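The values are calculated or read from the model by the stated rules, or taken from the named source; none is laboratory data. Computed from a prediction, not measured in an experiment: that's the story for all the values here. We place every Cβ from the backbone using ideal geometry, glycine too, and count neighbours over all the protein chains shown. Note: accessible area is taken over every heavy atom of the protein model, side chains too, but ligands, DNA and RNA are not part of it. Shrake-Rupley method; radii C 1.70, N 1.55, O 1.52, S 1.80 Å.
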Amino acid sequence: MCLLLGATGVGKTLLVKRLQKLSSRDGKVDLGDLPPTRPTVGTNLTDIVAQRRITIRELGGCMGPIWSSYYGNCHSLLFMVDTSNPTQLSASCVQLLALLSAEQLAEASVLILFNKIDLPCYMTIEEIKSLIRLPDLIACAKQNITTVEISARKGTGLSEVLRWLEDTHRTNG
């Protein structure tokens, strides 16, 4: 099981819909029109079928206080950050610290997604790494942490996310 977590409005639902479409297109890049999305209240289960079936459980950002009740059986974790929303960054950092220190997630592989890089007001990866002290987080974490810059809207970086999911779930079962 893969958990997809992040604050409200970071683009989790759009990411899942785009990954689902990308995995069903045999690597073709055209993702078509943007699918409609609404903020997730609760949880969504989505299967991505690439080399194998990977189930992604997306939890709404408003469910942050009870995310921990979903940590069991989590092989991988996608954590999404909105790079265009500096006021949300500190809250995202606190959420990430809580996830990385959770005992149930100690064995999970983690992919931090820096989303919305297509917007003119986004923070660069260097700015974010500095603000949340990402190198220190990675050095202290028990988990294997990878980062990628994406645009769920435009499709930038999504093939890297799909490849990471395939690689992670090939080794973790």
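Here is how the numbers come out for the structure above:
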read-out: When residues of segment 82-120 are limited to those that are touching a Phe, Trp or Tyr at 6+ places or on another chain (Cβ under 8 Å), assigned to a loop (DSSP other than H, G, I, E, B) and closer than 24 Å to THR156 by Cα, the one most open to solvent (accessible area, probe 1.4 Å); value: LYS116
read-out: Segment 64-81 - residue that is within 13 Å of LEU99 (Cβ to Cβ) and hydroxyl-bearing (Ser, Thr, Tyr) and, of those, surrounded by the most Cβ atoms within 10 Å (Cβ to Cβ); value: SER76
read-out: The listed residue being open to solvent by 70 Å² or more (accessible area, probe 1.4 Å), over 18 Å from SER109 (Cβ atoms) and not polar (S, T, N, Q), out of ARG38, ARG52; value: ARG38
read-out: Test: residue in segment 59-72 that is assigned to a strand (DSSP E or B) and either without any contact (Cβ under 8 Å) to a residue 12 or more places away in the chain or out of contact with any Asp or Glu (no Cβ under 7 Å at 6 or more places or on another chain) (or both); value: yes
read-out: Extreme residue, farthest from ARG52 (Cα to Cα), among residues of segment 121-173 that are small (Gly, Ala, Ser) and open to solvent by 50 Å² or more (accessible area, probe 1.4 Å); value: SER130
read-out: Tabulated pairs, segment 127-144, first touching a residue at least 40 places away in the same chain (Cβ under 8 Å), second surrounded by fewer than 14 Cβ atoms within 10 Å (Cβ to Cβ), C-beta under 7 angstrom, 6+ apart or interchain; value: LYS142/ALA106; GLN143/ALA106
read-out: Breaking point among (1) within 16 Å of the chain's Cα centre (by Cα); (2) farther than 24 Å from LYS142 by Cα; (3) open to solvent by less than 50 Å² (accessible area, probe 1.4 Å); (4) not basic (Lys, Arg), for ASP47; value: (3)
read-out: Odd one out for TRP164, checked against (1) closer than 15 Å to LEU3 by Cα; (2) of a type in the set (Phe, Trp, Tyr); (3) assigned to a strand (DSSP E or B); value: (3)
